[in-house]
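Every read-out reported here was derived from the displayed coordinates using simple, explicitly stated rules and does not represent laboratory data. Bear in mind the structure is a predicted one, so any value in this text is a computation, not a measurement. Here the Cβ positions follow ideal geometry from the backbone for every residue, glycine too, while neighbour counts run over all protein chains shown.
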Amino acid sequence: DTAVSQTPKYLVTQMGNDKSIKCEQNLGHDTMYWYKQDSKKFLKIMFSYNNKELIINETVPNRFSPKSPDKAHLNLHINSLELGDSAVYFCASSHATSSGRGGETQYFGPGTRLLVL
Amino acid sequence: DAKTTQPNSMESNEEEPVHLPCNHSTISGTDYIHWYRQLPSQGPEYVIHGLTSNVNNRMASLAIAEDRKSSTLILHRATLRDAAVYYCILRDGGSGGGADGLTFGKGTHLIIQP
């Protein structure tokens with residue numbers, strides 16, 4: 001069974017469209033994340049979310065919004081897509097430990113390759 | 001999270017040990033040292049982490065310097081499947097457990113020669 005899954009695997013769309021990427025984890029984790037990996041392969045955190053708080057990377061445009069229908073899902077909605085949004089988006093999850101964030105292990109999904117034309 | 005420095009790339013031969021260095025001279029007392037790797041066209045994968053003592057698991061070993069300003073990830077017998085980008089990341093263990101993401105640097109691109 002896949003621990004962290006994402007759909008779709010590939011997404012090709014036109015500029016200006018609105019799209020969503022789904023993420024599900026079956027690990028029983030309480031925290032989920034979205035990362036963006038650009039064409040230069042830099043991985044950057046976009047959002048992290050647990051049932052207490054949403055932390056947003058200040059560099060993320062407000063066209064991006066995470067939505068969590070339940071603890072096992074954190075979907076990424078993107079409005080008015082732009083060429084620069086083309087990237088690979090990774091979902092991840094983790095479980096809080098007694099040592100705070102320091103001892104947490106994050107599990108990543110396989111990625112969604114978004115191409116905006 | 002504190003910053004780490006790694007070589008851009010390293011090359012090794014198959015079935016030989018590989019030592020991947022990481023410098024973190026500004027590490028704080030509550031920072032854990034984590035290693036992740038990313039195989040081609042896949043998501044990042046957890047490898048190992050530690051705080052002060054050396055650590056071993058089925059994938060690798062982590063050797064932490066006594067002053068904690070550097071660490072080394074050791075792959076005991078590299079295979080072609082170990083070719084990946086390896087990231088050394090510090091995580092603060094003293095910040096109360098709130099949600100927050102990993103800060104990835106450029107990592108070390110490990111090339112394995114057959």
*asked:* With the requirement that a residue be over 15 Å from the mean Cα position of the chain (by Cα) and among the small types (Gly, Ala, Ser), what does segment A:62-101 give you?
replied: A:80, A:84, A:96, A:98, A:99, A:100
*Would you check which residues across segment A:1-38 are under 25 Å from residue A:55 (Cα atoms), of a type in the set (S, T, N, Q) and in contact with a strand residue (DSSP E or B) (Cβ under 7 Å, 6 or more places away or on another chain) and list them?*
A:5, A:6, A:7, A:20, A:25, A:31, A:37
_Among the candidates A:21, A:45, residue that is surrounded by 16 or more Cβ atoms within 10 Å (Cβ to Cβ) and away from chain B (no Cβ under 12 Å)_ = A:21
*Within segment A:102-116, is even one residue more than 10 Å from the chain's Cα centre (by Cα), within 7 Å of chain B (Cβ to nearest Cβ) and among the small types (Gly, Ala, Ser)?*
yes
*Can you name the condition, by its number, that residue A:90 falls short on among (1) hydrophobic (A, V, I, L, M, F, W, C); (2) more than 7 Å from chain B (Cβ to nearest Cβ); (3) out of contact with any Pro (no Cβ under 6 Å at 6 or more places or on another chain)?*
(2)
*Checklist (1) part of a strand (DSSP E or B); (2) in contact (Cβ under 8 Å) with a residue 24 or more places away in the chain applied to residue A:55, failing item*: (2)
*Which one of the conditions (1) more than 22 Å from residue A:101 (Cα to Cα); (2) surrounded by 15 or more Cβ atoms within 10 Å (Cβ to Cβ) does residue B:79 fail to meet, given that it meets all the rest?*
(2)
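Just checking, which of A:82, A:58 is away from chain B (no Cβ under 14 Å) and either closer than 16 Å to residue A:112 by Cα or not small (Gly, Ala, Ser) (or both)? So that I can check it myself, show each step before the final result.
On the way: A:58 fails: away from chain B (no Cβ under 14 Å).
Being away from chain B (no Cβ under 14 Å) and either closer than 16 Å to residue A:112 by Cα or not small (Gly, Ala, Ser) (or both) holds for just one of A:82, A:58, which is A:82.
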*Enumeration of residues in segment A:58-104 that are buried (at least 17 other Cβ atoms within 10 Å of the Cβ), among the polar types (S, T, N, Q) and either touching a residue at least 60 places away in the same chain (Cβ under 8 Å) or in contact with a helix residue (DSSP H, G or I) (Cβ under 7 Å, 6 or more places away or on another chain) (or both)*: A:93, A:94
_Selection from segment B:1-59 of residues that are free of Cβ contacts under 8 Å to residues at least 60 places away in the same chain, in contact with a Ser or Thr (Cβ under 9 Å, 6 or more places away or on another chain), within 11 Å of another protein chain (Cβ to nearest Cβ) and assigned to a loop (DSSP other than H, G, I, E, B)_ = B:51
